[in-house]
Amino acid sequence: MLCLVYYSYSHYLVIFMSEQYRSDPIFKQISEVEIAVAQVLDKAKKLGATSAEAAMSSTSGLSVTTRLGEVETIEFNQDGALGISVYVGNKKGSASTADLSSKALDLVVNKAIEIAKYTSEDPFNGLADKSLLEFSQSDLDLYHPWQVTPEQGIDFCKQAEDAALNSDDRIVNSDGASFASHQGLRVYGNSHGLIAGFPRTRHSLSCMVIGQEGQQMERDSAYTTSRIGDQLKLASAVGLEAATETLAKLNSRKLKTGKMPVIFRADIASSLFGHLISAIGGGALYRKSSFLLDSLGKPIFNKLVNVEEKPHILQGMASSPFDSEGVKTQDRIILSNGELQTYLLASYAARKLDMTPTGHAGGIHNWLVQSTGGDLEALLSTMGTGLFVTELMGQGVNVITGDYSRGAAGFWVENGIIQYPVSEITIAGNLKDMFKGIAEIGSDIDYRGSIQTGSILVEEMQVSGE
């Protein structure tokens, strides 16, 4: 790993790169953006800003979609804009530009200063404290460019569709396949003297197909994603998985209304912790719009639930050395034996709550939910009879009250064995009860997102059907 540190415009400019890629043009782009950030910060100071911060995220790459072997779209994109926030005392003004020319940078600073003059004083405005910033980030190995051609992308999509369509006569149509390979950069700087940047890549392939048996039709999908192109699943495997998921849903039935245990499959179980994130975020807390007010240090889950955050996992899909305010990220216990150990606070919310920022401006960083030991088969056996949910629909979750009601589909289970698919049902409860009612967490962990968890067994929920 090569680390370049040098002075420019009275700021540290820091670029972290692997030796393997140090000649890659993206590092020149990062350097150019960092210099632009330094320029706008210095300009803001000269125009009377008490403090300022600027950031830019940029993404470029290839996206391809096909349907039934025909190319629907091929897109080359390059997106990104530099945004600046200036503080004149406790007044804040923000503006952005995609043009990094000196003239455009001067204009965007002038606009931000002008806006600040018309905003109200807010004593909680301002930069994160300098002592919390990340001045010595390490390389998290997030950048693995893939020189893939449109023809290769098309071929990946066709392989996935062909594998699905040829797997079974009941797969009668396709909703298409998509391939994407993108690289990007992230740069942040503020008037405390920090300017830092790093590159990252993301590659993905997905496929969705339609199955039919008799008069009933169903659709489902599968996908794979990675920082590294050759770590994606084989295209044919993605297609076969999409077909398998679709076929399993055919001949679904409705359930009778009642209370029963529910298993959330790993790929949707993460949504339960997504609701936790919303409820313990600083904005919801200082607005008093969360069902988990005053919950710090209290048991809000079953005591078997443990969650830790690991922001510095190499090649992690949600890894980052710092948050969107430049605050250093760090390993952190979120839940210990069911007890909430931290809120998720950016600087503004932390000041409102008289607390310390936690490095979560912009989101979380690799939540690892600890398994209780058994695999999915063991969870089904433990449940015995109940509902195995594989799909959720709708947004019926109230973070203020914790009330939960969503459309669902999945499978009916008896004696630990899947019996038949079910659909057109609604599952309901309150998140407080659901969190406390988590009885098991499987070892079938889905590693594709920012929340990595296995399937989750909730002891009882209300299921509405016939």
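Each other residue within a Cβ distance under 10 Å of residue 221 adds +1 if Lys or Arg and -1 if Asp or Glu, for a net charge of -3. Against the empirical curve 2.2 N^0.38 Å, the C-alpha radius of gyration of the chain lands at a ratio of 1.08.
Candidate cross-link partners of residue 130 among the lysines, defined by an alpha-carbon separation under 29 Å and a same-chain spacing of 8 or more, comprise 28, 43, 45, 46, 91, 92, 111, 117, 288, 310, 328, 352.
From the C-alpha coordinates alone, can you work out the Kirkwood hydrodynamic radius of segment 93-214, in Å?
Numbers: mean 1/r = 0.0506 Å⁻¹.
Final number for the Kirkwood radius of segment 93-214 is 19.8 Å.
Shape analysis of segment 258-464 based on the Cα gyration tensor places the equivalent ellipsoid semi-axes at 30, 19, 14 Å, largest first. Only Cα pairs under 8 Å and 6+ residues apart enter the sum, and on that basis the relative contact order of segment 2-204 stands at 29 percent.
When peptides 133-141, 36-44 are sorted by average Cβ neighbour count within 10 Å, with the highest value leading, the order is 36-44, 133-141. Using C-alpha pairs below 8 Å separated by at least 6 residues, the relative contact order for segment 258-464 is 29 percent. Relative to its Kirkwood radius, the Cα radius of gyration of segment 2-204 gives an Rg/Rh of 1.12.
For segment 179-316, treating each Cα as an identical point scatterer without solvent, what Debye log10 I(q)/I(0) comes out at q = 0.10, 0.12, 0.21 1/Å? Normalising to I(0) and taking log10 leaves -0.66, -0.90, -1.23. When the helices of the chain are scored as -39500 (n - 2.57) per DSSP H run of n ≥ 4 and the total is divided over every residue, the value at 222 nm lands at -7000 deg cm²/dmol.
Which FRET efficiency value, to the nearest 0.05, do you get for residue 395 and residue 219 by plugging their Cβ-Cβ distance into 1/(1 + (r/R0)^6) with R0 = 25 Å? Present the calculation step by step, with values, prior to reporting the outcome.
Numbers: r = 20 Å, r/R0 = 0.81.
Efficiency, rounded to the nearest 0.05: 0.80.
With r as the distance between the Cβ atoms of residue 331 and residue 72 and R0 = 45 Å, compute the FRET efficiency 1/(1 + (r/R0)^6) and round to 0.05.
Efficiency, rounded to the nearest 0.05: 0.55.
Remark: the residue 231-residue 304 segment gains 23.0 nm on full extension, using 0.36 nm per residue and subtracting the alpha carbon distance. With contacts taken as Cα pairs under 8 Å and at least 6 residues apart, segment 187-295 reaches a relative contact order of 18 percent. Quick one: angle between helix 25-46 and the longest Cα principal axis of the chain, in degrees between 0 and 90, rounded to 10, please. Here the helix axis deviates by roughly 50 degrees.
Every number in this text was worked out from the coordinates using simple rules, so none of it is lab data. Only a predicted model underlies this, so the values are computations on that prediction, with no experimental measurement involved. With ideal geometry, Cβ positions are generated from the backbone for all residues, glycine too; neighbour counts draw on all protein chains shown.
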